[in-house]
Structures are given as C-alpha cells and as structure tokens.
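Novice: Questions regarding the structure given below will be posed in turn.
Here, each number is a calculation from the coordinates, and none is a lab measurement. This structure is a prediction, so every number in the text was calculated from the model and none was measured. Backbone-built Cβ (ideal geometry, glycine too); neighbour counts: all protein chains shown.
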Amino acid sequence: MWSGPRNISTAMMRSFENRPDCTVIDEPFYAAYLAATGLAHPMREAVLASQPSDWRVVAADLVGETPTPVVYQKHMTHHMIEGFGLDWTADCRNAFLIRDPEQVLASYVRKRAEVTLKDIGVVRQRELFEREADRLGAAPPVVEGADVLADPPRALARLCAALDVPFDEAMLSWPAGSRDSDGVWAPAWYEAVERSTGFETPERGEARALTDDLRRIADQAQPHYQALARYRLG
C-alpha cells in the first residue's frame with residue numbers, strides 16, 4: 001500500500017493486521033531513506049538503528065517467503081527516492097491510498113513544523129501509480145482515505161475485491177494499544193491510532209486554515225492528487 005504521510009495509513013495497517021491470515025510490515029524503507037537523504041526526522045537515530053539502511057537488503061526481504069497468506073506492506077511514497085530500485089514491486093499487488101493534500105498538510109505540521117512538497121509524497125505517489133499502471137496496462141487500485149472513514153465495510157470490501165483478497169469483518173475493528181509490528185518511530189507519530197479501536201474521523205485541529213506557504217504546497221500537490229483520485233474505487 002503506497003501512501004503519503006498523515007493519511008489513515010497506520011489505521012489501514014491495523015485493519016489488515018487484525019485479519020487472522022495477515023502479517024504487516026511497517027515502512028521498511030524509512031531507515032534507508034533517512035540514511036540516503038540525511039534529513040532530520042523525529043527519532044532519526046532510533047529509526048536508523050532499527051532497520052537496514054541499504055535499500056537492496058530491504059527489497060530482497062520484501063519478496064521472500066511469506067509467513068502468512070496475506071502480507072500487508074505499508075510504504076511511504078516519499079521514501080522511494082531516486083536510486084532506490086523498484087523492480088521488486090512487480091512481485092507484489094500494489095495499491096494506492098490517497099488523501100486531499102490540504103488535509104495532509106494541516107495534519108503534518110502538527111507533528112513536524114517544516115514541510116515541503118516532497119515530504120508529503122504526492123508527486124512520487126503519482127509517479128509510482130503511473131509506473132504500475134503502465135506495467136499492468138490498467139489502473140491499479142486507488143482508495144481514498146475519506147471513503148474508508150465514511151463507510152469502512154463498503155470501502156474495505158471493494159479494496160479487497162480489487163486485490164483478490166477475501167474481505168474479513170475482523171478488519172473493521174482492533175484492540176487499542178501499540179503493536180510489536182509498529183516501527184520504532186511509533187511514539188512520535190502513532191498516538192492517535194494507538195488510542196483507536198476502529199476507523200475514526202480525523203481530529204478537529206486538522207481542519208484549520210493553512211498558512212500561505214502551506215497553501216502554495218497544497219496547490220502544487222492538487223493536480224497530482226486529482227490524477228489518482230479519478231481512479232478511486234467507487
């Protein structure tokens with residue numbers, strides 16, 4: 001599942017992990033991304049110590065033998081920087097989780113004050129989507145986070161159908177708390193999802209007005225978001 005940050009990406013990971021036939025992998029390229037870019041992120045040193053920093057090692061692990069019939073890989077699109085190979089993705093079913101950039105930015109700055117267009121991953125998400133569409137000869141599944149929040153059974157059933165995975169009602173709720181499968185960065189980013197027991201509407205603070213700088217980023221991101229939104233599952 002290819003997503004930008006501050007979507008419902010972790011809640012979606014919880015949903016799939018609650019299936020008895022599924023294991024999950026949380027942002028496996030995060031350390032490789034930080035090592036390659038040198039960016040300062042919350043808990044940077046802990047992230048670097050927790051994962052391989054060579055993208056080749058990560059990719060090889062992602063397409064090996066699977067412990068369960070379904071494996072849900074949660075990926076951030078901005079982690080896939082130039083130079084990180086993508087051939088391994090042909091061995092996976094690739095889906096795309098989208099959210100309106102205005103909402104992404106309003107949420108993002110609550111956790112990290114500095115943000116750029118690259119940080120929210122929407123341009124890279126469109127590139128990955130178009131690459132996969134070219135490979136398949138058809139659009140891969142696109143799911144809008146707002147659609148999941150509005151009607152989880154319907155949205156998840158359609159996503160599962162598009163992925164040839166049977167829908168399981170266990171995906172609709174999960175126990176509160178942290179998971180051993182969570183990335184080491186969870187204390188910095190997962191506070192809300194750790195309190196959750198199902199899909200919930202975003203926090204009220206996320207609807208606040210954007211600054212002029214954030215508005216410019218949102219405007220730049222909007223065409224890329226719309227390019228994927230036209231294929232969202234109905």
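Novice: About the Cα centre, and with charges only on the beta carbon of Lys, Arg (+1) and Asp, Glu (-1), how big is the dipole of the chain? Nearest 20 debye, please.
Specialist: The calculation lands at about 480 debye.
Novice: Quick one: work out the % antiparallel among DSSP beta bridges in the chain, nearest 5.
Specialist: Around 5 percent of the beta bridges assigned by DSSP in the chain are antiparallel ones.
Novice: Can you tell me, using C-alpha contacts under 8 Å and at least 6 residues apart, the relative contact order of region 1-75 as a whole percent?
Specialist: Reported as a whole number, the value is 49 percent.
Novice: Go ahead and run the numbers for FRET between T68 and R154, Cβ-Cβ distance against an R0 of 22 Å, rounding to 0.05.
Specialist: The calculated FRET efficiency here is 0.30.
Novice: Sticking with this structure for a sec: Taking 8 Å as the Cα distance limit and 6 or more residues as the minimum spacing, I'd like the relative contact order of the chain as a percentage.
Specialist: Computed over the chain, the figure is 29 percent.
Novice: Could you give the longest part of the chain that holds none of the trypsin sites (Lys or Arg not before Pro) found in DSSP loops with at most 14 neighbouring Cβ atoms within 10 Å?
Specialist: For trypsin sites (Lys or Arg not before Pro) (loop position, at most 14 other Cβ atoms within 10 Å), the longest site-free span of the chain is 1-109.
Novice: With just the Cα atoms defining each centre, how far is region 18-64 from region 89-149? Give it in Å.
Specialist: The distance from the Cα centre of region 18-64 to that of region 89-149 comes to 18 Å.
Novice: Using R₀ = 41 Å, calculate the FRET efficiency as 1/(1 + (r/R₀)^6) where r is the Cβ-Cβ separation of T37 and S173; round to 0.05.
Specialist: 0.65
Novice: Ranking H75, H41 by Cβ neighbours within 10 Å, fewest first, what do you get?
Specialist: H41, H75
Novice: Here's a follow-up. Please provide three numbers in whole Å: the alpha-carbon extents of region 1-113 along the principal axes, with the largest listed first.
Specialist: 40, 28, 24
Novice: So what's the chain giving for Cα Rg divided by 2.2 N^0.38 Å, two decimals?
Specialist: 0.95
Novice: Tell me what the chain gives for mean residue ellipticity at 222 nm when only DSSP H runs of n ≥ 4 count, each as -39,500 (n - 2.57), the sum divided by the residue total, rounded to 500 deg cm²/dmol.
Specialist: One gets -12000 deg cm²/dmol as the mean residue ellipticity at 222 nm.
Novice: Given the peptides 140-147, 184-191, arrange them by the average over their residues of other C-beta atoms within 10 Å, most packed first.
Specialist: Peptide ranking by packing, descending: 140-147, 184-191.
Novice: If each of D61 and W88 carries a label point 7 Å out from its Cα toward its Cβ, how far apart are those two points in nm?
Specialist: Placing both labels 7 Å along Cα→Cβ, they lie 0.9 nm apart.
Novice: For L156, L86, L117, which order do you get if you count the other beta carbons within 10 Å of each Cβ and list the fewest first?
Specialist: L86, L117, L156
Novice: Shifting gears a bit: Give me C160, C22 sorted ascending by neighbouring Cβ count inside 10 Å, so fewest comes first.
Specialist: C160, C22
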